[in-house]
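The values are calculated or read from the model by the stated rules, or taken from the named source; none is laboratory data. It should be emphasised that the depicted structure is a prediction, and the values quoted were computed from it without experimental measurement. Backbone-built Cβ (ideal geometry, glycine too); neighbour counts: all protein chains shown. Side chains are part of the model used for accessible areas, which takes the heavy atoms of the whole protein and leaves out ligands, DNA and RNA. Shrake-Rupley method; radii C 1.70, N 1.55, O 1.52, S 1.80 Å.
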Amino acid sequence: MAEARPLRLLALHGYRQSARRLRQRTGALRKALRGRAELVAIDAPHRLPTSAEDDPDGDDPPRGWWFSGPGTFEAGEAAAAPAGLEESLSAVAAALAEHGPFDGLLGFSQGAALAAMVCALRARGDPRFPVSFAVLVAAFASRAPAHGHFYREPIALPTLHVVGDTDAVIAAPLSRELAQCFVEPVVLTHPGGHFIPAAPAQKKAYLEFLERFCPGQGQAQGAGEV
């Protein structure tokens, strides 16, 4: 019998990151998933002003998926006029169509918040987003009232929520709050902060979750903590 192909996950980076930076920061995760899943990262459509911490050559500018204020973003801000989300949803839809097929999504921080919105649209039957699951790391629900419709109904798409107990950027309660918007979330906690963990305990949890979606495998049921 031929070996099952690896799952393909469209990967969405965090605010002030890029596809290249996400690839650099997921080396341990990609090694842990080798043969089981591959990550394909894309850039957010909105370029941000560079700072002293950014690439001095300027060929990899920081990017964002949407803004809570003019050229800025704060996860906890209830933005009255958020901007840029529709362009980002279109960018994700285009990547799924042009580089697919994909099995699921992996998002980090703002990218995970965007992935959760995509899950909500997919659960409602939006044909632009043919994915079966998502891995959401340091995710949160947008506080913008204009985005409230994403969370009004329980989201019936399988998700793994990765929560850092000492995350100082996206506090753990914010990620847990988002998880409760899903029908059967699996929550993976780790003692670290704002990063994508890939230690043996997390590797085991990733693989157990992803096994549900491998070709030829039946989907397991049930939410919980791991």
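Can you confirm whether the stretch 20-30 contains a residue that is without any contact (Cβ under 8 Å) to a residue 12 or more places away in the chain and not in a helix (DSSP H, G or I)? There is no residue in the stretch 20-30 that is without any contact (Cβ under 8 Å) to a residue 12 or more places away in the chain and not in a helix (DSSP H, G or I). Does residue 112 qualify as being within 20 Å of residue 17 (Cα to Cα), touching a Ser or Thr at 6+ places or on another chain (Cβ under 8 Å) and either without any contact (Cβ under 8 Å) to a residue 40 or more places away in the chain or not polar (S, T, N, Q) (or both)? No, not satisfied. Annotation: of all residues in the stretch 62-98 being assigned to a loop (DSSP other than H, G, I, E, B) and not small (Gly, Ala, Ser), the one that is surrounded by the fewest Cβ atoms within 10 Å (Cβ to Cβ) is 70. Would it be correct to say that residue 101 is farther than 20 Å from residue 8 by Cβ and either out of contact with any helix residue (DSSP H, G or I) (no Cβ under 7 Å at 6 or more places or on another chain) or open to solvent by less than 20 Å² (accessible area, probe 1.4 Å) (or both)? So residue 101 does not fit the description; no. Taken together, 23, 5, 16, 34 contain a single residue that is surrounded by fewer than 16 Cβ atoms within 10 Å (Cβ to Cβ) and modelled with pLDDT of 95 or more, which is 23. What about residue 144, is it among the hydrophobic types (A, V, I, L, M, F, W, C), within 26 Å of residue 84 (Cα to Cα) and open to solvent by 20 Å² or more (accessible area, probe 1.4 Å)? The answer is no for residue 144.
Within the bounds of the stretch 163-184, is there any residue that is over 13 Å from the mean Cα position of the chain (by Cα), surrounded by 19 or more Cβ atoms within 10 Å (Cβ to Cβ), of a type in the set (D, E, K, R) and not in a loop (DSSP other than H, G, I, E, B)? No, the stretch 163-184 contains no residue that is over 13 Å from the mean Cα position of the chain (by Cα), surrounded by 19 or more Cβ atoms within 10 Å (Cβ to Cβ), of a type in the set (D, E, K, R) and not in a loop (DSSP other than H, G, I, E, B). Taking first residues from the stretch 181-200 that are among the polar types (S, T, N, Q) and partners that are assigned to a loop (DSSP other than H, G, I, E, B), the Cβ contacts under 9 Å between residues at least 6 apart in sequence or on separate chains come to 189/165; 189/226.
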